[in-house]
Every structure is written in C-alpha cells, then in structure tokens.
Protein chains: 4
Amino acid sequence: MSKVQKNKKEKEDSLYTAAYDLFTTKGIHNTAISDIVKKAGVAKGTFYLYFKDKYDVLDKIILNKSTEILSIAIKKTNSEEFLNFEGKLLYFIDYIIEYLKENKLLLKLIYKDLSWGVIKKAYKDYKEINEIFGMFEEGFKDSNLDKEDIEKVLFMIIELTGSVCYNCIVLNEPADIDKMKPILFNTIKKII
Amino acid sequence: MSKVQKNKKEKEDSLYTAAYDLFTTKGIHNTAISDIVKKAGVAKGTFYLYFKDKYDVLDKIILNKSTEILSIAIKKTNSEEFLNFEGKLLYFIDYIIEYLKENKLLLKLIYKDLSWGVIKKAYKDYKEINEIFGMFEEGFKDSNLDKEDIEKVLFMIIELTGSVCYNCIVLNEPADIDKMKPILFNTIKKII
Amino acid sequence: MSKVQKNKKEKEDSLYTAAYDLFTTKGIHNTAISDIVKKAGVAKGTFYLYFKDKYDVLDKIILNKSTEILSIAIKKTNSEEFLNFEGKLLYFIDYIIEYLKENKLLLKLIYKDLSWGVIKKAYKDYKEINEIFGMFEEGFKDSNLDKEDIEKVLFMIIELTGSVCYNCIVLNEPADIDKMKPILFNTIKKII
Amino acid sequence: MSKVQKNKKEKEDSLYTAAYDLFTTKGIHNTAISDIVKKAGVAKGTFYLYFKDKYDVLDKIILNKSTEILSIAIKKTNSEEFLNFEGKLLYFIDYIIEYLKENKLLLKLIYKDLSWGVIKKAYKDYKEINEIFGMFEEGFKDSNLDKEDIEKVLFMIIELTGSVCYNCIVLNEPADIDKMKPILFNTIKKII
DNA sequence: GATGAATGAGCGTTCATTCAT
DNA sequence: AATGAATGAACGCTCATTCAT
C-alpha cells in the first residue's frame, strides 16, 4: 500500500471511529458532522470525500458491526462440539447475548436500524453469515419444512432475540436479561 | 363545557390531527412545528401552549393510538365466544394484525417508538388494556408459571407479533404478512 | 397603520436599502445574505420572512427602480409642451439618459437583468408606464403601422437607448455618452 | 509539434470543450471547476496550469466563439456579389442571425458578457474582424461622416442586432425573431 | 388565551485552491 | 507536467423558541 493510500485509510478509519463513538455516547440525533470531523481531526470537507451524509456512515457502521458480531459468534460456535442442533443454536444465541450485554451502546445503536434486509445483505456478501443459514438448514433437515419456511423460523428467532436483548439490556424491561434468558431459551426450544 | 373550553379542545385536537397526518405522510424528521401549526390553522405560539415540543405530541399520539387499537381489539375479542384460551388469543392477535395491515402508516409511526414501557403505562391507566393481562393470566391459570413469568411470555408474544407486523407489512421482509401468519400462529401456539 | 405593521415595513425597507447599497457597490456576486442583514441591522432569519433568496430582492429592486425612473420621466415629459411627437420622445429619452448619467451604479445594476419582460410586467401594473405606450401609439397614429409593429419599434428604441447608456456611461465605450447622444438621437429620428 | 506539446494541447482543448458544454447546458453559475475537470477527464490541479479561474476560461471561450462567428460571416459575405453596400451589410447581419438561431445556447452564453470592448480587441488581433470595419468604412465613404462617427454607427447597429437576437431568440420577446427581422432590417436601412 | 414577527445559533454542504507526490 | 486528496472558509438556509401585542 502506498503512502497516499495508507493516509487515506487512516482518515477514513478515524472518521468511522469518531462517528461510532459519538453516535453511541451522544446519540445519532445529537451528533453533527462538525462534531465527527472535530473528533476525527480532519477538515469538514474530508468527510464528504468518504461519506454522503450522516446516515451513510451510520449505515456502514451498522453493517460492519453487525457482520462482525455474527461472524465472531459463528466462528466460536463452529469451534465447539455439540450433542445436537438445539445445543448448538442456543450456544450461538447465548454468545451473542453475552456480547451485547457487554456492549450496551452498540446494541442501542444497531437495534433501531437493524432490519432483516441488512442481514440478508450481509448473508450474501459475507461467508460467515452464510454459514448461519447453513447451520440452520442442517438442523432442520429432518423436519418437513421447506427452505423458505426454515428461513421464516430463523427470522422469527432472530427478531425475538433482538427484541428481548434490546428491551432487557437497554431498557431493563420487563426484566433483567439474565432473568429473561431461561424463558427466551425455553421459547426457542419450543419453536424449533 | 364552556365555549372557551370547547375552543381550546378544538385547537388541541386540530394540532393532534395535523401532527398525525404529517408524521405519517412526511415522516417525523421532515415535519417541522411550523408545518403542524400551518396545517392546524393556528399560530405558532399556540403550539407551545399545549405541547413541549415535537416529540411531546409524538409520544402522546403513540400512546393514544396504541391504546385505541388494543382497546378495540380486546372489546371485539370479548364480544365473541371461544372454545379455549388459544383460540381467544389468536383471534385477538389476528384482529390487531388485520387492523395494522389496513393502517400501514400508523404501524410505521408507532412501531419504532413503541416499547414495553408504553404498554405498561397504558396498562395502569386504561381499563381495557388491563383486561388483556387479565385474559392472559386466566389462560395460564393451570400452568405452573408464576405471575411474573406469565408477563414475560406475554411480553415475548407481543414483541414477536410487533416485529413480524413491522417487517412483513412495512418492509415486506422476509415475506408477505399473509404468508407469514401461519408460521407466526404456529409459533405462538408452541409458546403457550 | 398599526405599530406592528409599521415595524414590519421598516424592516423590509432596511433590507431593500441594504441590498441595493451592497449590490451597487460590491456587486451582486460578492454580496452575501449575511452582508445584507448585517447592514440592515436585522437577524438572518428575518431576510427569509420577506424574500425567497438573493435574486428575489434583486428582481424586486430592479422592477421598483426601473418603474420609478420611467414613472418620473413620463411625469416630467407630460408636464411640458412640445411641437411634435419627435420632440416629446427625445425629451423623454434625454431625461432618462441624464438620470442614469447621475446614477451610474443603478444603471450597472439594472441593465444586465432588465428585460423586455420586466417592462411588459411594469406596463400592466403601473399606470405611468402604460402612458408611455399611449404616448407612443399616439405619435404613430398617422403611420400605417399596426399596434404590434409600433410596439416592436418602441422595443428597439428602448433596447438601443439602453445599450448605448450602458456602454457609454458604464464602460465608456465606444465614446463618452455626451459625444454619443447626437448620433443616438439622429438614429432615433430616422427610426420614427 | 512534439508529443509532449501535442498532449498539452489535447488537455487544454478538452478543458475548453468541457467548459463550453457545461456553461451552455448548466449555466455558468451552476458549473464548478470540479465539473469541468471531471468532464474533461483531467485532474483538478491541471485546470490551474492552463486557466486562472472559471471566468478566465469563460472570457476566452467568448472571445473565440465571437471571433469565429464574425469570421465565418465576413468570409461568406465576401464570397458573394452585391449591388450595393446596403445589400452586403444586411446579408452579413442576416447570416449572423441565422447562425445564432441555430445556436441558441451559444447566444445565451456570449450575449451577457459580450461587450464592444471584446469586439474592439478582436478587431485588433484578427484580420477577418478588421475587414468588417473596412467594409463599413467603404460603404460610408460617400457620406460626410468622419471615421469616428462611422464607428459609432457600426456600434449601434451591432448593439441593436445583438439586443434583438438575444430578446427574440432566447426570450422570444417581444416577438419571434422571424417576425422581428423585417422591422430590424427596415430600421438598419434607415440608420445607414 | 392567542398571535405571528423576529430571532440567531447552528446545520449541511460546496468548492476554489493548495501542494506533496 | 500532472495528479487528486485535503483543506476550511464561506455559504444559504432552517427552525425551535420567545415575547410584545
């Protein structure tokens, strides 16, 4: 990588980092582009060399972070041995919950704008996300559900888990995440 | 009600209506207070006699509309006869889904800011919402779940239904709501 | 006029005056709205209560000033006695030339954006401008030209006079206005 | 011409062409230097190797194009035979009008900034433009006008023609150019 | 209670210009 | 000679909020 290329990468990265820090601490609404560039230590115009507007950075951050989490979780899950699919899935979900428990601000940021569409996009572009679908299909191979229905069940489990995480971790409603987990896991067991 | 009081009520109502119309059609972000007062046909200063700011109206609208929907649904459900609790619950949920299907813009508006906290608040203040909890507790009376756990299950069913409605009706992801319904109902059956 | 109305008029007038002064001295391109409001002694937002943007004030200034000049000139001309139409027309034109000679900056400002369309607009709205057309038609009543052709001749005389004024007074090209006048007048005599 | 010099010429030409295209289609105000270089396919810095700023290219374009038109018109006129000076002059003017009728965008671009000064400059530098003055002086040799007055008459005819072209072709005011032509030609006949 | 003119901080965005490569 | 990433002053414009009437 040339010196110029390296410098560009550094600027872009510092903008990402600054935006992420401000979005999570001050909120998206309260973060101005001038705040981001000030924190990143670059000129205002530089921002527009890399991003269209505030929501452009946000979208890219959400996609990156979401993919990162799922990627780590699936990698970790695949490195372990399980008796059955149920155990594997619950381990995977538990890993994500524990991760988000430690990254409350990240959870707050990504949940509101994380949609099934984003996940589907990541699924196409990233090998690791693809593996989640693979794991899920494998787990359901003995059932009489077709591929589309399996996807719908996965969608519901993800949405349910996401909702529970957001409400319990961020809002502490209706209960603490640790108190909620057994019920959630029980529910997921019933679903699959 | 005196003439003055009636006039006040009219102004407040016109502000509510104008705000609701603009929020649903133009979006919250793109609606300014000046837009609301122009549409409502009142002076700018008048807005501040009734509301703190834009988000104050929004919160009140969400609370009102949410309560209204749930209230209608529970009233309708109570006017019918059912063989068992499962049938009753699914009828109740189906009614809400069908309602939101017809009111896509409303769904879009309330979902993003509808939290368990709002529902809990409505539950304390409105008789009809209270009945939903009553119906649910009644349905679980034979199980060995305590009151808190029952509430958690209800919470999950509501969150799951809300997520499915938002994704399928507003975003059409991962499938049309009518294609998703059987899976959702099946899942709810498994949960209870 | 109420106090509020008077105050509004004052603000608008001060914006007009400030804009005119800056446009003529610094040029349109080099005048920012912040300059105008600073000079006018009002807040930035106040500008937008009265005008759409910089070019909105400009258009209105051009229309006002143009109408004003023509209005004064026709009034003055009508107060004098003439042997024939030719004398009357040349007096009218001479009056305008002398006026613009004393108001070089105004000439510079209005010429570039003064079009026949603006004059036609003023002709419909202002009684005095209308009289110019009347005077012209009266002068041509013995010719065999129809109304439309008379208008075309008037148009050419105005354009020619305007061009000569701008070039000779503002740019001093190809000669001083006083040296050019005889040729211009001679030409106009030939035209009518 | 060396390869390097050829390359330089190519770059400069592509900048001219790009600027001309953008000025005529998007307008001068709405064309940024970044637009020009993008269209020309050169780097931003390269622009400054050839031009001072946006108005530098503009001035050069106006001078080039104006000279080009006049040059073609005089060449064409000189290749024809005429009974008298009047016929020759009107042919010359008509040629220019027809040319501008087909090049509305060019007319729009050059008119606003085309001054007698530009023509005088071209007259000194370009042989063909010089011939126009020659033709004119030749045509007036029997009158008792001195050289300076002849120039003034020429100036007025050019300004009048220019005004009529701009208003009738670009703005369609006060009439279509073809409807205006007879009156214009008649007027010019009267002037000379 | 109701008004709406006035405010001005603050926003996103542009773009001519520079200069190390 | 050519590049194009970086700059940052400057801009137009918005809009929540105030307050004299």
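Divide the volume of the convex hull of the Cα atoms of the stretch C:43-94 by its number of residues and quote the answer in cubic angstrom per residue. Walk me through the numbers on the way to the answer.
Values: hull volume 4.7 nm³, N = 52.
In the stretch C:43-94, the Cα hull volume divided by residue count equals 91 Å³.
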Relative contact order in percent for chain B (Cα pairs under 8 Å, 6+ apart) equals 18 percent
Using the structure shown, select from A:Lys9/A:Lys120; A:Lys65/A:Lys121; B:Lys60/B:Lys112 the pairs with a Cα to Cα distance greater than 18 angstrom. A:Lys9/A:Lys120
Relative to the longest principal axis of chain B, what angle (0 to 90°, nearest 10) does the C-alpha long axis of helix B:3-26 take? 70 degrees
Run the quick spin-label model on B:Lys76 and C:Thr25: label points 7 Å from Cα toward the beta carbon, then report their separation in nm to one decimal. 7.1 nm
Exam field: C:Glu12 pseudo-label spacings to other copies (7 Å along Cα-Cβ), nanometres: 3.8, 5.3, 5.4
Can you figure out the FRET efficiency of D:Lys3 with A:Leu105, using R₀ = 51 Å and their beta-carbon distance, to the nearest 0.05? 0.30
Relative to the longest principal axis of the C-alpha atoms of chain D, give the angle of the C-alpha long axis of helix D:54-78, reported between 0 and 90° and rounded to the nearest 10°. 40 degrees
Projected area averaged over all directions for the convex hull of the alpha carbon atoms of the protein assembly as shown, nm², comes out at 51.9 nm²
So what's the net charge close to B:Ile183: Lys and Arg +1, Asp and Glu -1, counting the other residues with Cβ under 13 Å from its Cβ? -2
Stokes-Einstein D for chain B at 37 °C, 0.692 mPa s, Kirkwood Rh over Cα pairs, in µm²/s? 178 µm²/s
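Please get the size of the charge dipole for the protein assembly as shown, origin at its Cα centre, with Cβ charges of +1 on Lys and Arg and -1 on Asp and Glu, quoted in debye to the nearest 20.
1720 debye
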Chain A residue with Cβ closest to the axis mapping A onto D, distance in whole Å: A:Gly45, 4
Treating the angle as unsigned and between 0 and 90°, give the value, to the nearest 10°, between the Cα long axis of helix A:85-102 and the longest Cα principal axis of chain A. 30 degrees
Quick check on my link table: of A:Lys8/D:Lys6; A:Lys54/C:Lys54; A:Lys88/B:Lys190; C:Lys39/C:Lys104, which ones sit more than 26 Å apart, alpha carbon to alpha carbon? A:Lys8/D:Lys6; A:Lys54/C:Lys54
Distance (nanometres) between label positions extended 7 Å along Cα→Cβ at D:Asn84 and C:Ala43: 7.2 nm
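Values in this text are rule-based calculations from the coordinates and carry no lab data. Remember, predicted model here, so these are calculated numbers, not experimental data. For neighbour counting, all protein chains shown are included, and Cβ atoms are generated from backbone atoms with ideal geometry for every residue, glycine included.
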